[in-house]
Structure formats: C-alpha cells, structure tokens
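Here is the structure we will look at.
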Amino acid sequence: MAVLVTGGAGFIGSHTAVELIQNGYEIVILDNFSNSKPCVLDRIRTISGGDFAFEQVDLLDREGVENVFKKYSIDSVIHFAGLKAVGESVSMPIRYYHNNITGTLILCEMMQKYGAKRMIFSSSATVYGTPKSVPIREDFPLSTTNPYGETKLMIERILSDLVVSDGEFSISCLRYFNPIGAHKSGLIGEDPKGIPNNLMPYICKVASGQLHHLGVFGNDYDTPDGTGVRDYIHVVDLARAHIAALREAETRQGIDYFNIGTGRGYSVLEMVKAYEKASGLPVPYEITARRPGDIGECYADPSKSERVLGWKAEYDLDTMCKDAYNWQKNNPNGYEE
Ligand code: NAD
Ligand code: UFG
C-alpha cells in the first residue's frame, strides 16, 4: 500500500517525502509544479537513497486524480498541495478558493471512491486568527483574517463533516506554526518565487546581498522588544510530525487537530541576530510600519502533539538558521535549472 503525497515537490512536502522513504513507506508524489520545480525529485532520491512514483497532475483535474487512484493502491494521503501566500490570496481570492477547496473536494471524493480513508492535512496556525492568549491550544476559538486562512478553516470543516458521514475515515489536521530551515544536506529547502513574503527567506536574501535590507514590520507590539513573535520550527521536525501523525491515525477513526510548533517564540530581532550568528554575515534592517493583518505574538502549546502523537520538536534556533544558511549558500538562486 502507498501513501499519496499531494504537493510533495514543495518545501514541506519534499522534506516529508525524504522522511517517509527513510521510514520505509512506499510513496506516490502528486504535484502540478505550480510552486515547485521538477529537479527537487532527484534531490529527494539522492538524500533518501530510495525511489518513489511521481505523477504530474493538478488536483483540479478530476480524471487525472482518479487515474492516480486507479494506478496505485493508496491507503493514506498526506495533503500538502495548496496555494499559500496570504497577500496573494487577498488579491486573488477566487483562485485560492478554487485551488485549495475544489482540489481538496476532488481529492476527498476519490479517497472515498477508492477506499483510501486516512488523511494528514496541512492546516495552519492561521486558523486561530488573533489568539486570545499565548501559548495557543488546539481548543482555542477559530477565525480567519484572509482568504488563505479561510481555505484552511473551510477544509478543516469539510473534513470534519466527512468523518461524520463516513466513520471509516481517520483524519488529522496538523496546524503548522512557522516552518523554516532546510535539510542538512543543503540539497532541498525553501525556494519562494520572486521577493519573499516570509521572514526567514527574506533574511537569507539580505545576508547574501541579493536584497538590500530587511524591513522589520513594526516595533510597537506588546512583546519584549516590540517586534512580532512567532514559533519557528525546523522543517525536518515538521516533516517527522507527519510520520508520527500517520502512525497515530492508524490507531483510530474520526478527526483530530494538532499544533505543530516548538512552544517557544522568537522576535524578529532575535531571528536577525540568530541568523547573523549562524552565517557570520550582517543582516541590515530598518523598522517600518506594521504589516496589515499581522498579530503581535503567536506560539504553540505543543503538549497535545507530544502526548498523543509522541512527537516533539528537537532542533533549536541555531540549527534552523545554520541549515537555512547552508541551503542559501549552496543554492543562491534556489532550484533554478
Ligand atoms: P509549497 O508551495 O512549497 O508546496 C505546495 C506544493 O503544492 C507545491 O509544490 C505546488 O506546486 C503544489 N500544488 C499547489 N496547488 C496544486 C494543485 N492544484 N495540484 C497539484 N499540486 C499543487 O508550500 P509549503 O510551504 O510546502 O506548504 C505545504 C502546505 O502547508 C500548504 O498547504 C500550506 O498552505 C501549508 N502551510 C505552510 C506553511 C508555511 O509557512 N510554509 C505554514 C502553514 C501551513
Ligand atoms: N516580518 C518582518 N519583515 C518581513 C517579513 C516578516 O518583520 O519582511 C515579520 C512579521 O511581521 C512577523 C514575523 O516576521 O512578525 C513572521 O512573518 P512571516 O511572514 O514569516 O510569517 P507569519 O507568521 O506572518 O505567517 C506564517 C505563514 C502563513 C500562516 C501564518 C500562521 O506565512 O501562511 O504563519 O501560521 F498563515
């Protein structure tokens, strides 16, 4: 039996594919390369020392997705495929709803039709909206502030309705906090298109001289140094959470929700310092206005994941920064072929 990995050519999917292969899983990666490059596939093979099937299919292509389910014996799905840029989702809501929601509906339809009833879904801490306090627990109220976040929350609700209608399903929604870093080999990492929106890739490009300076979005938040605090998690720790989640999902039916973070928050200025230390390079910055929609503080209470999944983040901030730097140094232009 195989695990279908949708979006497996992407940042988190590629790291998870490596861990799955190294843990003996047979996998099929499905991706349309809308935000990734084909050369990542060989790099996954090189790092993992194993092989896998790949299908270049768009989740919106019902016939293409059905053919994948006909061709392979799939019993579980790890569902990464989706569009993820918050700002872009505000300017292109229909594209985001169509890709993320319709793609998931087609996937669920085929999972039901072909009896693949286990799913690990890539949700996000964005479903907590503006949290009432930190650290954030899974039972906190849910809300969203942009179309991207809305797609994550809608998908969680669709999956919840699905398990009510069909008790054979076993689903876990992993609510990721802020994944950064890269595989220690320096062969796979984050490769945003154009100017990065997120802090870590932006810092990497400033330190390497590709961007002039970092804009720090506000220093008047109610945080120790006034800049935004987030729960950064090494992408390899995050990848391993999927293995733990797959194993746990095998033991029960229904749906459950897990925070995937370290439980420790770092400010923007702490991130700048940590990257400077890890890379030995300066990261010039200027304080600018707050970014609309940003919250001051966001970090997880990951204790449920430790208790139920038996998973805990292992890598510290220094390792996250060193691995991010190693990836940037070896691939200054990402996966450019
Ligand atoms: P990514 O863009 O690197 O990977 C997503 C992959 O899905 C890409 O390879 C893309 O080509 C593919 N894809 C998108 N739409 C598709 C479609 N219709 N059909 C087939 N393939 C499609 O993103 P990532 O950072 O690896 O994120 C993976 C998942 O985790 C996403 O669902 C994202 O929303 C979620 N997530 C990411 C973060 C983050 O900060 N990176 C945080 C929380 C949640
Ligand atoms: N920041 C800057 N300058 C930048 C970029 C970011 O100061 O150039 C700050 C932000 O204001 C924030 C922190 O760095 O305080 C982290 O910002 P990111 O954009 O890296 O991450 P966010 O926490 O804003 O968003 C991420 C994902 C979203 C997801 C959200 C919650 O990008 O997809 O976490 O899970 F919805």
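Computed over protein heavy atoms with a 1.4 Å probe, the accessible surface of region 234-293 works out to 45 Å² per residue. Our helix-only sum for the chain, with -39,500 (n - 2.57) per DSSP H run of n ≥ 4 divided by its residues, gives a mean residue ellipticity at 222 nm of -11000 deg cm²/dmol.
Note on ARG45: accessible area approximately 70 square angstrom, rounded to 10, probe 1.4 Å, nucleic acids and ligands left out.
Please compute the per residue accessible area over region 94-193 with all protein chains in place, 1.4 Å probe, rounded to a whole number of Å².
Each residue of region 94-193 exposes 39 Å² on average to a 1.4 Å probe.
Rounded to the nearest 20 debye, the dipole size of region 212-337 about its Cα centre is 220 debye, using +1 on the Cβ of Lys and Arg and -1 on the Cβ of Asp and Glu.
Taking every DSSP bridge with both residues inside the chain, close to 5 percent are antiparallel. Counting only Cβ charges, +1 for Lys and Arg and -1 for Asp and Glu, the dipole size of the chain around its Cα centre is about 140 debye. For region 56-195, the orientation-averaged shadow of the C-alpha convex hull comes to 10.5 nm² (one quarter of the hull surface).
Counting only DSSP beta bridges with both residues in region 201-337, what percent are antiparallel, rounded to the nearest 5? The antiparallel proportion sits near 25 percent.
Region 148-177 and region 196-246 have their alpha-carbon centroids 26 Å apart. Element breakdown for region 147-205 at a 1.4 angstrom probe: carbon and sulfur atoms account for 53% of the accessible area. Is any residue of region 307-337 close enough, with backbone N under 20 Å, to a label point placed 7 angstrom from the Cα of ASN23 along the Cα-Cβ axis, and if so, which? 307-316, by backbone N distance to the label point.
Once the Cα gyration tensor of region 1-68 is diagonalised, what are the square roots of 5 times its eigenvalues, in whole Å and ordered largest first, as equivalent ellipsoid semi-axes? All intermediate terms of the calculation are to be shown ahead of the outcome.
On the way: eigenvalues 74, 38, 15 Å².
So the three semi-axes of region 1-68 are 19, 14, 9 Å.
Each distinct pair of alpha carbons in region 86-167 adds a 1/r term; the inverse of their mean, the Kirkwood radius, is 13.9 Å.
For region 228-337, what class follows from the C-alpha gyration tensor (a ≥ b ≥ c being the square roots of its eigenvalues): rounded when a/c is under 1.5, otherwise prolate if a/b is larger than b/c, else oblate?
Prolate is the answer for region 228-337, as a/c is 1.5 or above and a/b outweighs b/c.
Spatially close Lys pairs in region 169-317, defined by Cα atoms under 19 Å apart and a spacing of eight or more places or different chains, total 7. Toward the positive end of the charge dipole of the chain, with +1 on the Cβ of Lys and Arg and -1 on the Cβ of Asp and Glu, the farthest Cα among GLY209, LEU159, TYR72 is that of GLY209. Along the axis of the charge dipole computed for region 1-54 (Cβ charges of +1 for Lys and Arg, -1 for Asp and Glu, origin at the Cα centre), the listed residues ALA17, GLY49, ASN32 are led at the positive end by ASN32. The calculated Kirkwood hydrodynamic radius for region 178-280 is 15.8 Å, given to one decimal from all distinct C-alpha pairs. No solvent, one uniform scatterer per C-alpha: report log10 I(q)/I(0) for region 1-116 via the Debye equation at q = 0.12, 0.14, 0.15 1/Å, two decimals. Taking Cα atoms of region 1-116 as identical point scatterers yields -0.41, -0.55, -0.63.
Compared with the alpha-carbon gap, the fully stretched path from CYS39 to ARG247 is longer by 71.9 nm at 0.36 nm per residue. Measuring between their Cα centroids, region 1-67 and region 275-337 lie 24 Å from each other.
Scaled against the 2.2 N^0.38 Å expected of a compact globular protein of N residues, the Cα radius of gyration of the chain reads 0.95. Projected onto its three principal axes, the C-alpha set of region 115-226 covers 53, 38, 24 Å, listed from the longest axis down. When the chain is modelled as a GNM with alpha-carbon springs shorter than 10 Å, which of ASN146, ASN35, ASN23 fluctuates the most? Sorting by GNM fluctuation, first place goes to ASN23. For region 1-156, lysine pairs with C-alpha atoms less than 21 angstrom apart, excluding pairs fewer than eight positions apart on the same chain, total 8.
The values are calculated or read from the model by the stated rules, or taken from the named source; none is laboratory data. What you see is a predicted model; the values in this text were computed from it and never measured. Positions of Cβ are generated from backbone atoms using ideal geometry, with glycine treated the same way; all protein chains shown enter the neighbour counts. Only protein heavy atoms, including side chains, enter the accessible area calculation; ligands, DNA and RNA are left aside. Shrake-Rupley method; radii C 1.70, N 1.55, O 1.52, S 1.80 Å.
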